[in-house]
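Novice: Before I ask anything, let me first share the structure, which is written out below as structure tokens.
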Amino acid sequence: MDIRLTAEGPWRFRIERTGAMRVPGAVLAPRELLPDEPGDQALAQVAHVATLPGIVRASYAMPDIHWGYGFPIGGVAATDVDGGGVVSPGGVGFDISCGVRLLTAHVDRSALLRRLPALMDRLDALVPRGLGHGGLWHLTGRAQLHEVLRGGARYAVEQGHGVPRDLDRCEDGGAVGDADAAQIGERALDRGARQVGSLGSANHFLEIQAVDTVHDKTCARAFGLRTGLVCVMIHCGSRGLGHQICADHVRAMDGVMRRYGIDVPDPQLACAPVDSPAGRAYLAAMAAAANYARANRQLLADAARGAFREVTGAGLDLLYDVSHNLARLERPTGDGGSGPLLCVHRKGATRALPPGHPELPDALRPFGQPVFVPGTMGTASYVMTGVTGNRAFDSCCHGAGRVWSRHRAHREMSGRRLRQELADARVAVRPASWRGVTEEAPEAYKDVDAVVRASEHNDLGRLVARLVPLGVLKG
């Protein structure tokens, strides 16, 4: 496909419609953040997504765009449910409902630093992570796994893993409706049975941070943030269960597309009409995986609370928990809730509801939804908030975004060099393996400061606070 990229100012580009594209592409990034690795297909993927049946407005790419499976990571697309719109598992990705939660501690940076090594050692011993099996929650059997798939973080809190206030600060109140474990294959269930309460590997982490800079004092105060405050950021998802669900439903949709007359330029964009048996089956399985991911982060947060109490005597309050890999049935806020029902795919993109949105908890509603933009080891992370008038279906970036492939990172970064860089930055790191963690080196990612600036210039969100790492737990 011929990619015709046109600048629409210093902060965004347009991919003109060509061939089978039904809508243009909108790349919400300045030139310096565009993918430039030789052979990178991220921009072509933006154009491929624009060919999906029922797609409306544009195929969007967030400033952290990079090459993914089917959709680019940082891709956002909405299809009209009543207008033949489709749902595509590639628009959600393998780690269904992967997301970030941020907790604020009852302690400041200066008071924590002396106890930080002991806290990191405790978390290192406590939190399961890496590719293998094992989680903090030893489920009693398949029946209890089904409860997790139905109830998510709500069920976890009912079982004593957290407090009721946590649910008020979770997207969807801690659980997605319409989950149906019957749409999940046995292999996926087997993979999920042993991993509730585990970090996984790759870019997942549990990080101790401190608020370095406040950009919006009023909003930061409402979010419970102030300069010097210690926070805990947790980034993980649905583990092997979500991965297997994606693989299974891509295969199922690939087998039925012709029945609906659907032709896509990339088999990784396998899809089916939202209101078809295959579409409904995927959405039900995806919702169950989303609940699993919410429970997973709830267990990890509960473990972090225990470690903080034990080592520092301080408590942790949940600021918010939000996913960045999900497809949702929504009506755009700009239409006053009366527009068409859309299936909004966000892959590596965070929902960013504007101020006044009824789904937000009372304490946050006047300020918009918290949005978390993690960097990588040794770099800053950001708290943003949703804004009114976001044309990308109330979506924002989800992180820094890769610039090196994992293979290149292994070639160019040694564990010894990375360890020295992080020691010089005074970041306490507890990895499962230094060799494995080299693929997450800061050099492998875009400049997160530039990513959030581009997000703000494109009216995706507003800066609230900058956080810096003190210690990180990696798989």
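Novice: From ARG17, ARG22, grab the single residue that is surrounded by fewer than 23 Cβ atoms within 10 Å (Cβ to Cβ), more than 25 Å from HIS457 (Cα to Cα), modelled with pLDDT of 95 or more and out of contact with any Cys (no Cβ under 8 Å at 6 or more places or on another chain).
Specialist: Answer to the check: ARG22.
Novice: While we're here: Do we find that ASP266 is out of contact with any strand residue (DSSP E or B) (no Cβ under 6 Å at 6 or more places or on another chain), surrounded by fewer than 24 Cβ atoms within 10 Å (Cβ to Cβ) and at pLDDT 95 or above in this structure?
Specialist: Answer is yes for this residue.
Novice: Here's another thing I want to ask about it. Report yes if GLY74 is within 21 Å of ILE3 (Cα to Cα), outside any strand (DSSP E or B), of a type in the set (Gly, Ala, Ser) and touching a residue at least 24 places away in the same chain (Cβ under 8 Å), otherwise no.
Specialist: Criteria not met by GLY74.
Novice: Still on this model: For the stretch 87-125, which residues satisfy the criterion of being of a type in the set (Asp, Glu) and under 20 Å from THR350 (Cα atoms)?
Specialist: Across the stretch 87-125, the qualifying residue is only ASP95.
Novice: While we're here: With a cut-off of at least 2 residues that are of a type in the set (S, T, N, Q) and more than 30 Å from VAL311 (Cα to Cα), name the helices (runs of 4 or more DSSP H) lying wholly within the stretch 88-195.
Specialist: Because the criterion is at least 2 residues that are of a type in the set (S, T, N, Q) and more than 30 Å from VAL311 (Cα to Cα), no helices (runs of 4 or more DSSP H) in the stretch 88-195 meet it.
Novice: Still on this model: Within the stretch 393-435, restricting attention to residues that are buried (at least 18 other Cβ atoms within 10 Å of the Cβ), within 24 Å of ASP40 (Cβ to Cβ) and of a type in the set (Gly, Ala, Ser), which residue is nearest to the chain's Cα centre (by Cα)?
Specialist: The selected residue is GLY399.
Novice: If you check every pair at least six apart or on different chains, which have Cβ atoms under 9 Å apart with a residue in the stretch 19-39 that is closer than 25 Å to VAL56 by Cβ and among the polar types (S, T, N, Q) first and a residue that is modelled with pLDDT of 95 or more and surrounded by 14 or more Cβ atoms within 10 Å (Cβ to Cβ) second?
Specialist: Cβ pairs passing all conditions: none.
Novice: OK, next. So which residues in the stretch 43-71 are surrounded by fewer than 24 Cβ atoms within 10 Å (Cβ to Cβ), more than 18 Å from the chain's Cα centre (by Cα), outside any strand (DSSP E or B) and hydrophobic (A, V, I, L, M, F, W, C)?
Specialist: Passing the criteria: LEU43, ALA44.
Novice: Provide a single number: the residues in the stretch 300-342 that are closer than 30 Å to THR79 by Cβ and part of a loop (DSSP other than H, G, I, E, B).
Specialist: Adding up the residues that qualify gives 9.
Novice: Within the stretch 239-247, can one find any residue that is surrounded by 19 or more Cβ atoms within 10 Å (Cβ to Cβ), basic (Lys, Arg) and either touching a helix residue (DSSP H, G or I) at 6+ places or on another chain (Cβ under 8 Å) or free of Cβ contacts under 8 Å to residues at least 12 places away in the same chain (or both)?
Specialist: Yes; the residues of the stretch 239-247 include at least one that is surrounded by 19 or more Cβ atoms within 10 Å (Cβ to Cβ), basic (Lys, Arg) and either touching a helix residue (DSSP H, G or I) at 6+ places or on another chain (Cβ under 8 Å) or free of Cβ contacts under 8 Å to residues at least 12 places away in the same chain (or both).
Condition check ((1) farther than 16 Å from GLY91 by Cα; (2) free of Cβ contacts under 8 Å to residues at least 40 places away in the same chain) across all residues:
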site: VAL230; (1), (2): yes, no
site: GLY237; (1), (2): no, no
site: GLY261; (1), (2): yes, yes
site: ALA272; (1), (2): no, no
site: ALA285; (1), (2): no, no
site: ALA288; (1), (2): yes, no
site: ALA304; (1), (2): yes, no
site: ASP317; (1), (2): yes, no
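Novice: Go through (1) of a type outside the set (Gly, Ala, Ser); (2) closer than 22 Å to ALA58 by Cα; (3) in contact with an Asp or Glu (Cβ under 7 Å, 6 or more places away or on another chain) one by one and return the number of the condition PRO332 breaks.
Specialist: So PRO332 meets the others, but not (3).
Novice: While we're here: Got a sec? Which of VAL322, VAL311 is touching a residue at least 40 places away in the same chain (Cβ under 8 Å) and within 25 Å of the chain's Cα centre (by Cα)?
Specialist: VAL322
Novice: Any chance the stretch 196-217 includes a residue that's part of a helix (DSSP H, G or I) and more than 16 Å from TYR292 (Cβ to Cβ)?
Specialist: Yes.
Novice: Still on this model: Being in a helix (DSSP H, G or I) and closer than 24 Å to MET120 by Cα is the filter here; which residues of the stretch 220-251 pass it?
Specialist: Correct list: ARG239 only.
Novice: Mind telling me which of the residues LEU364, LEU422 ends up being over 30 Å from ARG331 (Cβ atoms) and in contact with a strand residue (DSSP E or B) (Cβ under 9 Å, 6 or more places away or on another chain)?
Specialist: LEU422
The values are calculated or read from the model by the stated rules, or taken from the named source; none is laboratory data. Keep in mind that this is a model prediction, so the values were computed, not measured. In this analysis, Cβ positions are derived from the backbone assuming ideal geometry, glycine residues included, and neighbour counts consider all displayed protein chains.
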